[in-house]
Amino acid sequence: MRESAKIPLVTTIRERCRTCYTCVRECPAKAIRIVDGQADVISQRCIGCGNCVQVCGQHAKRVYDSTEAVKQLLAGDGRVAAIIAPSFPGEFVDWNFRLLAGVLRRMGFRYVVEVAAGADLVADRYRRLMERNDGKSYIATTCPAIVAYVERYFPKLVDSLAPIVSPMVATSRAVRRMYGDEVKIVFIGPCIAKKGEAVSGSVDHDVDAVLTFVELRQMAWELDLSRHTVTESEFDPPLAGPGALFPLHRGMLQAADLPEDLVSGDVVTAGGRAGFVEAIKEFYLGHCSPRLLEVLACEGCIMGPGMSNKDPLFRRRRRVSTYVRARLEQLDHDAWRRQMDGFADLDLSRSFEPDDQRIPDPTDEEIKYILHRMGKHSVEDELNCGACGYETCREHATAIQKGLAESEMCLPYTIDKLRQAVSSLAVSNEKLARARETLVQAEKLATMGQLAAGIAHELNNPLGVVLMYAHMLLEDCQEDQQMREDLGMLATQADRCKKIVAGLLHFARQNKVALEPTDMRALVEGCLRLVTLPPHVTSQVRHEGDNPWAEVDRDQVTQVLTNLINNACHAMPDGGVLTVSTRSEAEEIHLIVEDTGAGIPEENLSKIFDPFFTTKPIGEGTGMGLAVSYGIVKMHRGNIRVESNAAPEQGPTGTKFTVSLPRRGHVGAPGATAEVVEEQIGAPA
């Protein structure tokens, strides 16, 4: 692993990351992957351009901190030189250059030198390179982010990188020639990528530490440095000339006297996230072949991510231009030329190494598979909205295949999944509500069953004695008409009590479900023959589906149907239509009993399966029929539902009961007792 890869130039503060994917969108190297919804910067792929730092509204990106390393250098016995980038006028609006130099000396730096001096030397080397006219095309290497981008993503272009150091390294070598090799060098500037450059390749011993302007301000604030505690001073040699223009777009070309001639096309410039990527790609493809391609990752170094000043671009440009103009007016040009001649033999060459971080692109089939997985089955489905951080859906799919992205980053896909989840949740809530109702009903039935069993057994014997003696007395009393009528009433009411007790016992008894294959259509038609329909009530039978067979307890289902048909007839005292239907499905068969009667009021719908609840007049019903029917259906692992309308203004009145039974019984092997049913009665159908 290369040394530069060991420094994580930018990392993510996970607690602050809000998965907006802005950093993914702004990263030209696509060095940010999304893992579990969090943006993770891949240090081996990161070129240090700092776009992600600048665009993150949540301040979730942390830059590698060099302040401790600098403090250790300053605390040591050796001499330390601060070399400050020529973009400083765009940062330190509140400090003039003399105050800046004074602050640095107060912090412990022995020498304070402008990197613009090294930029002059670099400009001279580029001028010599172009004068050589060897017929080769070069990419300028003044921007370390560009160098890292080429090494990682266009390794075949490494030989096209101009073999010239950056102004930072040139200044460092010049300072060491003037003040000794033992001098420690700290670069201070607006660039994060400089931290990686300082430990990379053939220049890893030229600069000892790199501070951003933000870090410098932090250190000055910690030392409580102000105008009142600092003595202003001048910069130390070497002197800076037109190289001070380097932080401006095309500034290097002006310093080197290499104009961008649009006719000859010998020199081409580009800058910014999109501009430099496109320029290098075109250079690689041969569509752009200047003798020198000068590209910057930012719109000039004055827009670097290590600056704290939030002024717009042209305000910063004006400040730098104003400073350079004033300094050049004061510059001793003869002394500056002598200095340049003195450094003419200074070695400012360097080499570069490929650091291939490319990931093979997926095949078209793999991309199509990922797109289909996200619901994009045609070109029209590829919205290319950019919400995921990638410009097109295919780029997003490619990133997913490379392990850099997740499907959930796609906003339309996520919205669709959310809709499905909401729909599924609504269905689950509905099932849960039905299950809760079933459980409540089962609890009622279990409680009433225990109570009914106790009462029925206690009443059964004395009631039998009363009934027996009532009939005996009725037989003996043949002549006394009044007595006979009274005894008849006593016997009738005793018989009624017997039926009620029988209903209680039937409700509470330990039933067994004896399943057998049954033709449900024949069962329905048999039930209708058993029931005597009242006058003016007509019946009709409907069957849907092909397979009428199901495994049920024939007698018990007959009891359920008979009860529902009788209730329907009672609901139509003035006549109406009784409809009994069957509907066959793959796993269930449905029995439907529907009437056109008065309907059940809405407030009674939740009570109709309660034991002893009845809407019939006193003396005409026990209120046990539907409760018993409910228990039978549940013992079959089925479900019974009711729909009713008792309000004529809302449409035709009437009631519809639907009994749903599984086609194959699960509880119904002969011998399945009520104890087993009690455990299952609350399960949703």
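Would you check if Leu161 is in contact (Cβ under 8 Å) with a residue 40 or more places away in the chain, assigned by TED's automatic domain parsing to the domain that holds Ile146 and surrounded by 17 or more Cβ atoms within 10 Å (Cβ to Cβ)?
yes
Any idea which residue in the range 588-606 is modelled with the lowest pLDDT, counting only those that are part of a loop (DSSP other than H, G, I, E, B) and in contact with a strand residue (DSSP E or B) (Cβ under 7 Å, 6 or more places away or on another chain)?
Leu605
Tell me, yes or no, whether the range 145-168 has at least one residue that is basic (Lys, Arg), under 30 Å from Asp261 (Cβ atoms) and in contact with a helix residue (DSSP H, G or I) (Cβ under 9 Å, 6 or more places away or on another chain).
Scanning the range 145-168, I find at least one residue that is basic (Lys, Arg), under 30 Å from Asp261 (Cβ atoms) and in contact with a helix residue (DSSP H, G or I) (Cβ under 9 Å, 6 or more places away or on another chain), so the answer is yes.
Does any residue of the range 174-195 turn out to be under 24 Å from Pro237 (Cβ atoms), of a type outside the set (Phe, Trp, Tyr), assigned to a loop (DSSP other than H, G, I, E, B) and without any contact (Cβ under 8 Å) to a residue 12 or more places away in the chain?
Yes, the conditions are met somewhere in the range 174-195.
Name the residue that is surrounded by the most Cβ atoms within 10 Å (Cβ to Cβ), counting only residues in the range 180-202 that are in contact with a Ser or Thr (Cβ under 6 Å, 6 or more places away or on another chain) and under 16 Å from Ser43 (Cα atoms).
Gly196
Taking Leu463 as the residue in question, decide whether it is modelled with pLDDT of 70 or more, over 29 Å from Phe609 (Cβ atoms) and outside the structural domain of Ile640 (by TED's automatic domain parsing).
no
Please go through the range 607-638 and give me each residue that is out of contact with any Lys or Arg (no Cβ under 9 Å at 6 or more places or on another chain), at pLDDT below 80 and either surrounded by fewer than 16 Cβ atoms within 10 Å (Cβ to Cβ) or assigned to a loop (DSSP other than H, G, I, E, B) (or both), ordered by number.
Phe612, Thr614, Thr615, Lys616, Pro617, Ile618, Glu620, Gly621, Met624
Counting only residues that are of a type in the set (Gly, Ala, Ser) and more than 40 Å from the chain's Cα centre (by Cα), which one in the range 261-284 is surrounded by the fewest Cβ atoms within 10 Å (Cβ to Cβ)?
Looking at the filtered set, the residue picked out is Ser264.
Run Trp221 past the list (1) more than 30 Å from Asp341 (Cβ to Cβ); (2) touching a strand residue (DSSP E or B) at 6+ places or on another chain (Cβ under 9 Å); (3) surrounded by fewer than 17 Cβ atoms within 10 Å (Cβ to Cβ) and report the number of the one that doesn't hold.
Unmet condition: (2).
Going through Lys71, Lys30 one at a time, which residue ends up being assigned to a helix (DSSP H, G or I), surrounded by fewer than 23 Cβ atoms within 10 Å (Cβ to Cβ) and not assigned by TED's automatic domain parsing to the domain that holds Glu391?
Lys71
With respect to Leu216, determine if the residue is assigned by TED's automatic domain parsing to the domain that holds Pro144, in a helix (DSSP H, G or I), touching a strand residue (DSSP E or B) at 6+ places or on another chain (Cβ under 8 Å) and in contact (Cβ under 8 Å) with a residue 24 or more places away in the chain.
Taking the combined requirement at face value, the residue satisfies it.
Looking at (1) under 17 Å from Gln357 (Cβ atoms); (2) loosely packed, with under 15 Cβ neighbours inside 10 Å, can you tell me which one Ile47 breaks?
With respect to (1) under 17 Å from Gln357 (Cβ atoms); (2) loosely packed, with under 15 Cβ neighbours inside 10 Å, Ile47 is out only on (2).
With (1) in contact with a strand residue (DSSP E or B) (Cβ under 9 Å, 6 or more places away or on another chain); (2) part of a loop (DSSP other than H, G, I, E, B); (3) of a type in the set (D, E, K, R) as the list, and Asp134 as the residue in question, which single condition is left unmet?
Among (1) in contact with a strand residue (DSSP E or B) (Cβ under 9 Å, 6 or more places away or on another chain); (2) part of a loop (DSSP other than H, G, I, E, B); (3) of a type in the set (D, E, K, R), the lone unmet condition for Asp134 is (1).
Restricting attention to the range 538-560, and to residues there that are in contact (Cβ under 8 Å) with a residue 60 or more places away in the chain and in a helix (DSSP H, G or I), which single residue is nearest to Asp595 (Cα to Cα)?
Once the filter is applied, the top-ranked residue is Val560.
Can you go through Ala672, Ala683 and tell me which one is over 43 Å from the mean Cα position of the chain (by Cα), within 30 Å of Asp546 (Cβ to Cβ) and at pLDDT below 90?
None of the other options fit; the residue is Ala672.
For the range 88-109, indicate whether the set of residues that are among the aromatic types (Phe, Trp, Tyr) and outside any loop (DSSP other than H, G, I, E, B) is non-empty.
Yes, because at least one residue in the range 88-109 is among the aromatic types (Phe, Trp, Tyr) and outside any loop (DSSP other than H, G, I, E, B).
Residues in the range 487-495: is at least one in a helix (DSSP H, G or I), assigned by TED's automatic domain parsing to the domain that holds Gly638 and at pLDDT 75 or above?
Scanning the range 487-495, I find no residue that is in a helix (DSSP H, G or I), assigned by TED's automatic domain parsing to the domain that holds Gly638 and at pLDDT 75 or above, so the answer is no.
Mind listing whichever residues of the range 108-137 are farther than 19 Å from Pro238 by Cα and buried (at least 21 other Cβ atoms within 10 Å of the Cβ)?
Tyr126
Can you give me the number of residues within the range 279-332 that are in contact (Cβ under 8 Å) with a residue 40 or more places away in the chain, within 19 Å of Leu161 (Cα to Cα) and aliphatic (A, V, I, L, M)?
Residues flagged as in contact (Cβ under 8 Å) with a residue 40 or more places away in the chain, within 19 Å of Leu161 (Cα to Cα) and aliphatic (A, V, I, L, M) within the range 279-332 amount to 6.
So, Arg105, is that one in contact (Cβ under 8 Å) with a residue 40 or more places away in the chain, among the charged types (D, E, K, R) and touching an Asp or Glu at 6+ places or on another chain (Cβ under 7 Å) or not?
no
The values are calculated or read from the model by the stated rules, or taken from the named source; none is laboratory data. Quick caveat, the model's predicted, so the values are computed rather than measured. When we count neighbours, we look across all protein chains shown, and the Cβ atoms used for this are built from the backbone with ideal geometry, even at glycine.
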